[in-house]
1. Taking +1 at the Cβ of each Lys and Arg and -1 at the Cβ of each Asp and Glu, which of Leu147, Asn280, Leu196 sits farthest along the dipole of the chain towards its positive end, judged by Cα position relative to the Cα centre?
2. Evaluate E = 1/(1 + (r/R0)^6) for Leu203 and Leu151, where r is the Cβ-Cβ distance and R0 equals 35 Å; express this FRET efficiency to the nearest 0.05.
3. So how tilted is helix 81-102 from the main axis of the chain? Cα-based, degrees 0 to 90, rounded to 10.
4. Quick one: of Lys108/Lys220; Lys36/Lys107; Lys22/Lys115; Lys22/Lys96; Lys108/Lys160; Lys22/Lys160, which pairs are farther than 31 Å apart, Cα to Cα?
5. Please determine, in degrees from 0 to 90 and to the nearest 10, the orientation of helix 122-151 with respect to the longest principal axis defined by the Cα atoms of the chain, where the helix direction is its Cα long axis.
6. Where in the chain lies the longest segment free of trypsin sites (Lys or Arg not before Pro) that are both loop residues by DSSP (not H, G, I, E, B) and have at most 14 other Cβ atoms within 10 Å?
7. Once you have the Cα-Cα distance between Asn78 and Phe236, take 0.36 nm times their residue separation minus that, and quote the gain in nm to one decimal.
8. Residue by residue through the range 167-174, which ³J(HN,Hα) values in whole Hz follow from phi under the Karplus form 6.51 cos²θ - 1.76 cosθ + 1.60 (θ = phi - 60°), with glycine and proline marked x?
Amino acid sequence: MQKDKWLFEITPKNNLFDLNLKEVWQYRDLLLLFVKRDVVTLYKQTILGPLWYLIQPLFTSIIFTLVFNNIAGISTGNIPPFLFNLAGVTIWNYFKECLTATSDTFKKNEAIFGKVYFPRVIMPMSIVVSNLLKFGIQIFIFICFYLYYFLNGYAVSPNKFILFFPLLVVAMGMVGLGLGMIISSMVTKYRDLTFLVGFGVQLLMYLSAVMYPLDLMREKLTNLEEGYNYAWVVDFNPIAHLVEFGRYILLNDGSYSNFGMLYTICFTIIIFFLGLLIFNKTEKSFIDTI
């Protein structure tokens with residue numbers, strides 16, 4: 001007797017290392033639909049709409065300039081402090097939005113997840129893709145201020161690595177997505193993590209060289225005469241290397257470390273696939289614990 005051949009087969013258990021990437025590609029139309037939904041509905045009933053994309057990084061950069069550069073006296077070399085901070089904030093914001101928006105995927109979408117089947121990882125992926133619109137608007141504003149300072153005689157110019165900037169954006173999205181999927185999987189059992197994410201992200205910002213030059217952070221965290229060296233806090237923070245490398249590309253100022261970038265690339269790949277594995281494992285039973 002010939003065995004029937006089915007187009008799809010739903011089974012209770014799958015291989016742990018089955019990433020379902022082929023299935024995600026089959027549902028790419030749904031991914032684009034979720035991206036469109038995120039973009040259209042996010043600020044649909046707001047007065048300023050997409051202007052919020054501009055207000056947040058501009059005001060944050062102004063506050064950082066006043067507090068850290070004017071009051072605390074932190075030097076940014078030949079780079080205007082406002083432009084220095086705007087570059088760091090723009091790059092950081094993309095990572096932060098990807099992480100915070102994907103960290104409660106199961107909780108926010110438990111209703112739709114319990115009614116219809118589709119690869120669950122499409123939901124956090126759509127958030128990462130839709131956030132590219134916000135990032136595009138913010139990088140456009142950065143370019144406008146960049147041209148303003150350039151035309152006024154400031155020594156600002158892009159680095160020879162400018163062609164690698166899209167890869168930097170991809171790396172920020174992958175790290176945010178990977179960490180977000182891990183946290184989202186843990187939130188199904190430990191709801192307290194939802195409250196800790198916002199607090200943790202704020203702390204991480206201060207350890208990621210967003211408003212400081214990376215070399216200055218290393219210097220302040222090291223004092224061999226008093227017997228302490230905490231420079232490893234930033235040296236093993238991949239986000240700090242991504243932010244610093246982003247400014248190095250855009251402003252041609254800052255530090256670049258081959259070890260730092262190699263470490264960051266390895267961390268990015270590992271955390272992304274680890275998050276994908278944990279997320280796929282959690283989606284099989286999350287409905288019983290959410």
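1. Asn280
2. The value I calculate is 0.40.
3. Value to nearest ten degrees: 10.
4. Lys108/Lys220; Lys108/Lys160; Lys22/Lys160
5. Long axis of 122-151 versus the principal axis of the chain: about 20 degrees.
6. 192-283
7. Stretched out fully, the Asn78 to Phe236 stretch lengthens by 54.2 nm.
8. For the range 167-174, the Karplus-derived couplings read 5, 4, 5, 4, 5, 4, x, 5 Hz, x marking Gly and Pro.
No lab work stands behind these numbers, since they all come straight from the coordinates. Small disclaimer: the values here were computed from a predicted structure and weren't measured. With ideal geometry, Cβ positions are generated from the backbone for all residues, glycine too; neighbour counts draw on all protein chains shown.
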